[in-house]
1. For peptide A:78-87, what's the mean number of Cβ atoms from other chains within 10 Å of each residue's Cβ?
2. Just to confirm my numbers, what's the Cα centroid distance between the range A:35-66 and the range A:173-246 in Å?
3. I need to check one value: relative contact order of the range A:83-341, counting alpha carbon pairs closer than 8 Å and at least 6 residues apart, in percent.
4. Averaging sequence separations of C-alpha pairs under 8 Å and six or more residues apart, then dividing by the length of chain B, give the relative contact order as a whole percent.
5. Taking only DSSP H segments of four or more residues, each worth -39500 (n - 2.57), what value at 222 nm results for chain A once the sum is divided by all its residues, to the nearest 500 deg cm²/dmol?
6. What's the ranking of A:159-171, A:253-265 by average number of surrounding C-beta atoms within 10 Å, highest first?
7. Could you name the lysines in cross-link range of A:K155, using Cα to Cα under 17 Å and dropping any fewer than eight places away on the same chain?
8. Starting from the Cα-Cα distance between A:E202 and A:K28, subtract it from 0.36 nm times their residue separation and give me the gain in nm to one decimal.
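The values are calculated or read from the model by the stated rules, or taken from the named source; none is laboratory data. Keep in mind that what you see is a predicted model, and the values were worked out from it rather than measured. FYI the Cβ positions are ideal-geometry reconstructions off the backbone, even for glycines, and counts take in every protein chain you see. Note: areas computed on protein heavy atoms with side chains; ligands, DNA, RNA excluded. Shrake-Rupley method; radii C 1.70, N 1.55, O 1.52, S 1.80 Å.
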Amino acid sequence: MRYIPTTEKQKEKMLKDIGVSSFEDLIKSIPQSLRLKDKLNIPEAMSESELEDNIFHIAKKNADFYSMKPLIGAGSYRHFIPEAEKFLLQREEFWTCYTPYQPELSQGTLQSIFEYQSYISRLIKMEVVIPSIYDGASATAEAALMSLRLTHKNKIIVSNLLHPHYRETVKTYLAPHETEIIDLPYKNGLVDMEKLKILIEEDAASVIIQSPNFFGGIEKISEISEIVHSKGALLINVIVESMSLGILKAPGEMGADIVVGNAQSLGMDLNYGGPYNAYLGTRKQYIRQIPGRIVGETVDVDGKRVFVMTMRAREQDIRRERATSNICTNHNLNVLASNIFLSLMGTEGLYQISLLNAKSAHYLENLLLKSGKFEKVLNYPFYNEFLLKSKEDVSTVNKKLLENNFIPPLKICEFYQAENLNNVLLFAVTEVLSRDNLNLVAKILSE
Amino acid sequence: MKLIFEKTVKGRDGYSLPQDLFDDIRIEECLPEYAINKGKKLLSEVSEVDVVRHFTKLSKLNYGLDDGIYPLGSCTMKYNPKINEKLASLGNFIYAHPLAPEETVQGCLEIIYDLNKLLCEITGMDEYTMGPAAGAHGELAGILIMRKYFVDHGDIRHKMLIPDSAHGTNPASAAMGGFQVVEVKSNEKGTVDLEELAKLMDEDTVGLMLTNPNTVGLYDEGIEEIEKIVHGKGGLLYYDGANLNASLGIIRPGDAGFDVVHLNLHKTFSTPHGGGGPGAGVIGVKKDLIPYLPTPNVTFNSNQKKYYLSDTGEKSIGMVRAFWANFSVLVKTYTWILSMGPDGLYNTSETSIINANYVLAKLKKYYKPAYDRYCGHECTVTGREYKKYGVKTLDIAKRIMDYGMHPPTIYFPHFEPYAEETIMVEPPESESKETLDKFIDIMIKISDEAKTNPELLTTAPHNTPIRRTNDALAIKRAILTYDDELKLKDELKYQEKDIDF
């Protein structure tokens, strides 16, 4: 076997050196009654070329996604990824190494994480950034748990415009704690402020909102934070489309206490839903309750600046059942991807791409409204995703788009069952759609 | 080495933008004032060349699996085949949107569905869920399934039994799942003390989380007894699959009576660790627990010959993440299993067990084993006898680096009186006899150095990119971003003698 260098002859020699006559002597402690009697019933080993043929064949059963442009986001956004990032990521020193427990042999990983923490801290204006929790949904759940620990309260108010998968995940994580979870309704595509004022009382640990929200709407975070703080609760702001951070005001500046972000837009492929990554930012005063790993700067015995995993006394391998989270392996390679991506983009590049996403989305919305085939159902400011009601049946619309190599927008009724959302589509636009592409979309849908 | 921020030259750039920036659209007319940031957020300003050199240089400060042996116990640092990476990065996979219409993602769904069946056969379980992103994430999902099962049966239980040799994630996950953790002591053989287990297992206990072989690398020969004790009180048996590399084609957790299993695909199934993920922590269950699996799952309609994403029903614990799975990790797992076939999987476990016992046999004269018996795919020795020379196990590990190798896991597991100053070596099947011999020689040489020149060890490493770190200072200063560093520099008024930036 090409991945197993030891030959049968070497195995014999090794068994002899161990002092046994057969392999069986080594596994005597496994009860005979439980042993497998037959070979595993799985396909026989394939050669590398057979394997390629086989997987190519399966991949072909997908649509030819390489040449298709998405009009859908809803938590997963196709942005352009520079080749330099993909190339650097694959260096084996990054790709094949383990969690950096031994700082002497992992400064590459550790410094990269530190740089990423620094970038995200500037984008969201938070002092502390946990670089990696599996994804936006699980990170939101971790933030919810963190707010319970910080406030010693057991009630959470969750915006209805938080990504439905994130809401579901929060519920799953909180189930054992019997936390009261209250739905916060929306009004005209944004958090309903009046309802928030009524719902929030002194017993709430936190309020979770998303901005830009699931409909793409940009929430008035400062106003929300005033209401939330007036009752002593914490505000958790979730960002699902992190590309928006290039031009939007940082949530940390507007009173958010915990900021959770899906980092997929920052240099990660769609990959049918994962692996992505999420960051969690907060203030230094809350540092003892943060989940997950964080990297800090220190010196080595020669006085050289170096980086180490730090504040580890909160973690599962030390604190066991009293840890702030069970998280161990996370998504560090995705952290590196984002770090390289942000380094390539730089100050100006991220600003420009972020701006372009917003502009081209507004361009498409305008074209579709002008076509007379769509109308606005809710009126709110948006970043790069927006809702439009189609006069034609949405299934027909989506079929036309698919035939023309566009991944169709989300039928919002799959997630929201309000009457005015019937036959409504959630469009997403990113910089991978050119003006020609957008004009074509409008043309197809005007016919 | 300099940070990317310190390489910034104002006006330099590394991006490429489309020609058409939609200058005809005015952003002020699209977005309200409260939304837009004043000015640009400062990142870095470097060229693509700078970026490529920066990260190439950073990579050279790391030690990877392709550099040599990485014998971390309980981590299964095995070779990551290159073909897996190519096949996982096919355009039809990486550009597949998770909410694209089902008819456009039949290939992705087929892989998820088929992998589910393969893993069921390999482990003897009835159904898998692919959602969990890592081992600990799988543990949490598995524990929530157990919880839901008991709640559904109107049988509210509060405790979870966990051996003292378990990974830290086990008790942490059990606590997140709302259970009180009760520790089960190991016996003089290094395995679960059956008498104590029988005493502790009661009708207020959901079950036992067990790693087998355990973290000392020992098969629990009492597994049949354990199964009887736990099931006898109506409990469930949870299998931590971190150490599955010793079992392929030999024994299946499902046949041994386990009800829930999590597998770390980034361990046994060869997907890369990436400096700490992404991996995948899929879980398998027995028939009775299928209704509680996280939602959704992939089903196949044989009439229509189509795969679907299906809701698992109202008993499901719900979603544990956004979307469906760490899909690219699944593709790599799938390709690895198909490359190995049934004989290759058996060979994997056979070789890794022989490797670990070979290392143990050769080292035991120099490093006292935690338990003197044959081990599974990893062995645990100790550095106890070098304490009298002023040498700690940590020093031994650091000295290994000077010889160009990654050290084994140290100080884990830790339980008295057997497992102290532990050195846990896991030499997976992808390490050759020659590599093991070299590792063994170095370990023996270091044991000699410990007696004759202990200072060489206590001051090690000497030949690595950096040397031992001041971890207490990291906590005290709490410099977690470049801006923290700038602030500190300001406060210290650039006292370079304090810190060499």
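1. Across the residues of A:78-87, the mean count of other-chain Cβ atoms within 10 Å is 3.
2. So the separation of the two Cα centres works out to 46 Å.
3. Relative contact order here is 26 percent.
4. 17 percent
5. So the calculated ellipticity at 222 nm is -11500 deg cm²/dmol.
6. Highest mean packing first, the order is A:253-265, A:159-171.
7. A:K155 reaches A:K171, A:K195, A:K197, A:K231.
8. Going from the current span to full extension adds 56.4 nm.
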